[in-house]
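Visitor: The structure under discussion is supplied below as structure tokens; questions concerning it will follow.
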Amino acid sequence: MKKILSLFAVMMLGVSAMAQTGPKIEFKEETIDYGTVTKGEDSGLRVFEFKNIGDSPLVISDVKSSCGCTVPTKPKEPIMPGKTGTIEVQYNMNPGPISKTITVQSNAVNKDSGIIPLRIKGNVIVKEEINLMEKKKSLPSS
């Protein structure tokens, strides 16, 4: 009986050690808040930074946006253990509220199916233009 329990304990340690290996991803932030930005004054480019905290290369296989107004760019090369990488997101700065999801597909073992949802939010406004001709017309005449 002792031998069976000992063998079982050793097997469980081996299984748990195997579950701990592999690439693991940790994002600096999973939501970027643009805040209130003005169209024409902000490029719409933001960067999500992440680190491979695992013990084997991390591969970002795909990055998709919830709409065509947001274009993400993924790293082309694997991210080695302990190294950092970035995912750039370019929003087209349509006026109005921003609420978009970017889905990252990877081989990270610490995320369910290696999928990580990233979000951008904020509000884009259009800068008011003052028409000098209208202003002159509204001035009282002397």
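Visitor: Quick check: residue separation of R119 and F27 times 0.36 nm, minus the Cα distance between them. What number comes out in nm?
Guide: Details: separation 92, 0.36 × 92 = 33.12 nm, distance 1.19 nm.
Gain on extension, R119 to F27, equals 31.9 nm.
Visitor: Within the set of other residues whose C-beta is less than 12 Å from the C-beta of N92, count the net charge using Lys and Arg as +1 and Asp and Glu as -1.
Guide: Numbers: positive: K39, K100; negative: D42.
Neighbour charge sum, excluding N92 itself: +1.
Visitor: In this model, which of K74/K127; K28/K127; K28/K76; K24/K64; K76/K127 are farther than 30 Å apart at the alpha-carbon?
Guide: Details: K74/K127 32 Å; K28/K127 32 Å; K28/K76 20 Å; K24/K64 20 Å; K76/K127 37 Å.
From K74/K127; K28/K127; K28/K76; K24/K64; K76/K127, over 30 Å: K74/K127; K28/K127; K76/K127.
Visitor: Diagonalise the Cα gyration tensor of the stretch 24-124 and give the resulting equivalent ellipsoid semi-axes, square root of 5 times each eigenvalue, largest first, whole Å. Could you put the intermediate results ahead of the total?
Guide: Details: eigenvalues 143, 29, 24 Å².
They are 27, 12, 11 Å, listed largest first.
Visitor: Here is a follow-up. Residue by residue through the stretch 60-75, which ³J(HN,Hα) values in whole Hz follow from phi under the Karplus form 6.51 cos²θ - 1.76 cosθ + 1.60 (θ = phi - 60°), with glycine and proline marked x?
Guide: Rounded to whole hertz, the list is 8, 8, 7, 9, 10, 9, 6, 7, x, 7, 10, 10, x, 10, 9, x.
Visitor: In the neighborhood of I32, defined by Cβ-to-Cβ distances under 12 Å, what is the net charge if each Lys or Arg adds +1 and each Asp or Glu adds -1? Before the final figure, lay out the partial values.
Guide: On the way: positive: K28, R46, K100, R119, K121; negative: E29, E30, D33, E49, E88.
Counting the neighbours of I32, the net charge comes to 0.
Visitor: A follow-up question, please. At 0.36 nm per residue, minus the direct Cα-Cα distance, what do S56 and T73 gain on full extension? Give it in nm, one decimal, please. Before the final figure, lay out the partial values.
Guide: On the way: separation 17, 0.36 × 17 = 6.12 nm, distance 2.23 nm.
Between S56 and T73, full extension yields an extra 3.9 nm.
Visitor: With both partners inside the stretch 24-124, how many of the DSSP beta bridges are antiparallel, as a percent to the nearest 5? Spell out each step's value before the answer.
Guide: On the way: 30 of 36 bridges.
Looking only at bridges with both residues in the stretch 24-124, the antiparallel portion is about 85 percent.
Computed from the coordinates by the stated procedures, all read-outs in this text should not be read as laboratory data. What you see is a predicted model, and the numbers here were worked out from it, not measured in a lab. Positions of Cβ are backbone-derived with ideal geometry, glycine not excepted, and every protein chain shown enters the neighbour counts.
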